[in-house]
Each structure stands twice: as C-alpha cells, then as structure tokens.
Amino acid sequence: MKKTKTSYLLKGTPSILLVLGAGFVMASSADIRAALGMGAAVFVSLILSSLVVRALCKVIPNYAKMPAYLLIITGFVSLISMVMQAFFPIVVDMLGVHLSTLAVSAVIYRDAEEVADNSDGSTSIKTALITGLFFTVIMVVCAVIREVLGNATFCGMPIEFLQNYKITALAGAFGGYLVLAIVMAVINKITGLQKVIEEDQEKENN
Amino acid sequence: MKKLATTIAILFIIVAVFCGAMFGLNFITGPIIEANQAGAANDRLNSVMPGGQSYTDITATLTGVPSNVVKVSKENGGKGFVIECTASSDYTGSTPMDIIVGVDTTGKICGIKLVAHSESKMWSDGYLDSYLGQDSALAGVELFGGVTYSSKAFKNAVEAGMGVLISNDLIQAGVKSDAQILTEMLPTLHTGLTSGGNFKGEAVTPSGNIVEGYKALNGSGYAFIITSGEASFLAIVNASGDCKVYDVNGADVTESNVAVAEEAKAASQLKDFSTAAQNMLLAKYADASDITAIELTTFSNVVYACTFKSNGKDYTAFYSCPLTYKDNVMAICTVIDENGAIASQDVKTFLFGHGVEYLPIYKAGFGDVNSGVFKEYENKFVGITSGTLTDDVLVSTATLSSTAVKLATSEAFVAFDVVKGGQQ
C-alpha cells in the first residue's frame, strides 16, 4: 500500500483511528448544522486546550497531569458551550447533552496528553489543528450523507425530489455507525491509513 | 504531603482561572441566552397570537383554574390571552395533549395549536381550523372532525381554558344557539350516534322543518333538529323506527310534539338488520325456532332484537353495531337467557393491536375469528349479568374494540330489561 501525505495527516483523527469519538459522530451527524457545530466545538476546544496544556505542561507535575488536563478541557468546553448557547442556540438544542459530554471526551484528552508529551511544541499544536480539522470534515461528510439520504433535507431544508426515497434508518443511531464505517473504509482504501498505523505500531514494537 | 499540596494548589488555580473566565463571559452571553430563552417561549405563544410581542403570566391572579389549564398569559400589547392547557385522551396508552389557544379581547379564538400528538394525524385537515374565529360557545367546531377518541378531550380542554377567562371577566361568554344545545345532548340520548362520547354521524340534507339532520354511521338511527313555531327540538330515531323528541332543556316532549316525531320518522331511511342478525344467530343456534323480532324502544347501538327458542329454552338475542377503531362497524350478537345471564356472545370485526397498526383479528396472526384465543375472549361473557359486567372483559391491546363490545353488552342488558318490562 502506497503511503500518502494524507495518510500521515489522518492517522491522528480520532473518529477513524481508534473509533474514538464515534459516539459524537453518531449523535451529531444526523444534521449538517449539528455536525458543523460539534466540529467547531471540538476544533476550538482541541486548539485552546492544547495551547494551554503546552504552556503549563512543565509546571504541572506528572502526578497531577490527568486531573489538571481534565479541568482545563472542561473549562474550555464550558466556555465554548456558553458562547454557543448565546449565538447558536438552535445548534445547542440539536446537540443536547453531547456538547457537555465533550468535556470528558477522550478525543480531546488524548490530544492534550500528546501535546504535553511531545518535545516539539509547534508540531504538536499543528497535529491538534489537523486532528480537529479532519474530525470536523469527517463528521460533516457523514452528516451530508445521513441528512440528505436519511431525512431528504439539507441543513434542515427539504429536498423535494428525495422525499419518497429517503432511507430513514440512516438518520438513526444505526445509520450513524453504518455511515461512519463506510467513510472509514473509503478513507482507508484511498489513503492506506491502516497500513501506516500498522507500520507505526511495528516500529514501536521494535 | 508536599505532592498533595502542590496538586491542590495547581487544580485550585486552574479552577479559579476558569471560574473567572466564565464569570466574565457570562456578562456578555448571559443576557443573550436569557433573551434567546424568552424569545423561544414567546415564539410558542406568538404562534397562536398574531402580532403578539411579549406576555405576562397571569395564572396566579386568576380564580377557579382547573387542573387541565396549565398557564394563562396576557399579551402585553392588549391583543388578548394565550391559554396553555392539557388533555388526556380516553384512548389507552396515549400521551397527554398539550394545547395552546390564543383568544383575542373579543373572546374569539385567533390561533390554536396542538403540540405533537400521535392521534392528531387522524383528525381531518380542517378540524383545528374549525376552532378559529369561534367564541366560547364553539358553535362552529367541526362535528365530525374528531375521528378519534381524543377530539372530545381536546374540545373539553379548550372549553375549560376559555371558561377560566370568562369566569374571571376577561372575555365575554359566547351564546349557544338552541340547535347547538340540542346537538350537544345527543351523545347521552342516542349512543348509536356516538363513539367514545364523540358525535359520529353523517349529515343529511335538511328539508321541511328539519334544520339539521344526522344519520348514524352504524345505521342505528337518525337525529334531527326540527323547528316548530319559535321552538327547536331534537328528534332521535332508533333502528326500529321509534322516535323521541326533546326540548332545549332536555325534557322528553314526544307526546306533545307528535308532528315533530312523525316528520323525523318520515325523513329516516332505516336499514334492515334482520337478515344479518338472524344469520349470525343461526350460525350459533342452528336449531333456533320461533324467531320473533322485537321493536326496540332504546336508543343505542342495538339495532335488532328477537326472541327465539333453542333446545327447549327461551332466549332473547340483541344484535349491536358499535363503532371501533377508525370508525369500523362491529357486529355483536349477545344472547341472553331467561334469567338475564349471557348465554353466548359473538363478535365480528374485532380490531386487535398488532404492533404497527390495528387489523381485524383474522388478519393479525391469531387465526380466524373461531381461533382459540378469540373464542376464549367471547366465552368470558357467558354467564355475565347486568350486575356482573365489569372491566375484566376489556383487552389492553384492543382498547377500542373491547370497549365497544362492553358498551354493546351493557346496552343489550338495558334493552333486555325494557323487553322484560323493566324501566328504560
């Protein structure tokens, strides 16, 4: 399998890697607006958390890392949630409890830890940026498929000619996982991502 | 100890910083979030109050607010009131309906909305619209729009909400016409024209002194609003052609209004149920002899009655046609012995809940109507008397059908008492 630049970039994307964040994709990708909202929330909280963690990682002793990182992430998610409630109330209604649970999501914690562990600060922030970006893109791709085919709507607007052909199962939880699985398979096929991950694991084992 | 102190200090600093940030951010987002929430609440109320802007909850200032009226809000611009009420359908398993009604200062309904409810899809398209422009009398509300059991509960909730505004002198009460008063008596006077308390009939063309006429969907008779001089009367006709006349006070005035009764009888085109009833009877009692039809004097779902002999014993049979789910007409033959106990019960068109939709039992995977499951249900009635008929005969997955069977059975007992010389 040929390695590509994209495969190296994608290997940090949680929703297609270890299926971290699959729950968020499933819950937030039934509507494109919700997907964009969740993607933006993940993206911003990843970047801000990574920046702060990077700045404080030398001050925070190892034994206090986990609670400290979680508090930082929770703090940012709460701030983002307040901003979204003020300016995007409809999206917050769509996301419901999933926006709040982002605070304890392994998606962001994993990146914060990686940023803290990596000696090269600028690279690790870039990784967080790319991770957030791809997470958003993949969620939006899933949302486009699910909303258009499952609900026959686009951003809530009905698509008349699809009304009689919608596959309602795609709009539900089962459809969420199904679409994510298909998207993961396509990405693996195009980018050879799985191969890159296996090679990385081999290197680590050696 | 030092580790613990350091950990606590670090965590405390992080918490303090974020608390400060949230405190500061709240100055910006707090008012916007509050405005958003108020806007969302207003949007709900504005949907039934055209031109409405802001509202004040006045529920606490009102007296005599029944439990089904949840909230009454006054539009601050003086456009009227919005009543939020709730209603429970008689239909087992249904969720309560949340209803919002906008009433302008003249006491007319200017908007009405039912928050999503599973049964609303079965209402006719114009049912909710028929409330618009109505005063508290609700005279123009579509009579047959409520095809399900929930329409009665819906109308009652709206009446209760408007009653609160009237009793607190916020709007004037609407005046009911004689015809409306008489029509509203129907569910109690002729149950054959109702189902679950809802009016079930087909309008017939008025003629002569008849200003309104309705034919029962199950063929159990007619109802007419007939004028005579200045007065209006309700004339009801049963399946045997017997007629009773009532005035606006609900008094039986048949004897003094013979002409009204005759006009009602003449306008009725009654269906002959004798063949269908006797076929059902003979299928059960092949040796039935001396079958003699009885003229019914009750006004109910019982459409045919006869006496017969079988195996040397005397029986009275009552053939009833109550309505069940989606106004399907049932056929029930209740045979009562000389002692007033049920000798047999035959039921056709019994609609059984089958997950997705209600289907006649013979299509629902329970076998045909002669299946063991169904026979067991029918046999539950054997030996029951008017005094021992209870809700035990109801079937949870066939609420409407089994309720209709129970009603028909109790009506058969009433008819039996009348036949045997008891009081109606």
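We did not get these values from a lab; they are worked out from the coordinates using the rules stated. All values derive from a computational prediction rather than experimental measurement. Here the Cβ positions follow ideal geometry from the backbone for every residue, glycine too, while neighbour counts run over all protein chains shown.
What percentage of all Cα-Cα pairs in chain B are separated by more than 30 Å?
Summing the P(r) of chain B above 30 Å gives 56 percent of all pairs.
What ranking do A:His98, B:His190 get, fewest neighbouring Cβ atoms within 10 angstrom at the top?
Taking fewest neighbouring Cβ atoms as first place, the list is A:His98, B:His190.
Please work out the Cα center distance from segment B:12-45 to segment B:67-84, rounded to the nearest Å.
If you average the Cα positions of each part, the centres end up 28 Å apart.
Say R0 is 35 Å: what FRET efficiency, to the nearest 0.05, do B:Ser167 and B:Ser410 get from their beta-carbon distance?
So, using R0 = 35 Å, E works out to roughly 0.45.
Of B:Lys326/B:Lys380; B:Lys309/B:Lys375; B:Lys176/B:Lys200; B:Lys155/B:Lys215; B:Lys155/B:Lys271, which ones are farther than 27 Å apart at the Cα?
The pairs that break the limit, which is 27 Å between Cα atoms, are B:Lys155/B:Lys271.
Pull out a ≥ b ≥ c, the square roots of the eigenvalues of the alpha-carbon gyration tensor of segment B:1-83, then state rounded if a/c is under 1.5, prolate if not and a/b is larger than b/c, and oblate in the remaining case.
Prolate, because a/c is 1.5 or more and a/b exceeds b/c.
Give me the Kirkwood hydrodynamic radius of segment B:238-327, using the inverse of the mean 1/r over all pairs of distinct Cα atoms, in Å to one decimal.
Value: 15.1 Å, from the Cα pair sum.
Reported to two decimal places, what Rg/Rh ratio describes segment A:45-176 when computed on Cα atoms with Rh from the Kirkwood expression?
In segment A:45-176, Rg relative to Rh is 1.09.
With a 10 Å cut-off between alpha carbons and a GNM built on chain B, which of B:Met22, B:Met330, B:Met49 moves the most?
Maximum fluctuation in the GNM of chain B, among the listed residues, is at B:Met22.
Within the P(r) computed for segment B:178-232, what percentage of the Cα pairs occupies the region above 19 Å?
Of all Cα-Cα distances in segment B:178-232, 24 percent exceed 19 Å.
Can you work out D for segment B:168-283 in µm² s⁻¹ from Stokes-Einstein, where Rh is the Kirkwood radius over C-alpha pairs, the temperature is 10 °C and the viscosity is 1.306 mPa s?
Answer, rounded: 105 µm²/s.
Where Rh is the Kirkwood radius over the Cα pairs of segment A:25-73, the temperature 20 °C and the viscosity 1.002 mPa s, what D in µm²/s does Stokes-Einstein return?
After rounding, the answer is 175 µm²/s.
Of the candidates B:Ala251, B:Ala16, B:Ala266, which one comes out as most mobile in a Gaussian network treatment of chain B with C-alpha springs shorter than 10 Å?
B:Ala16
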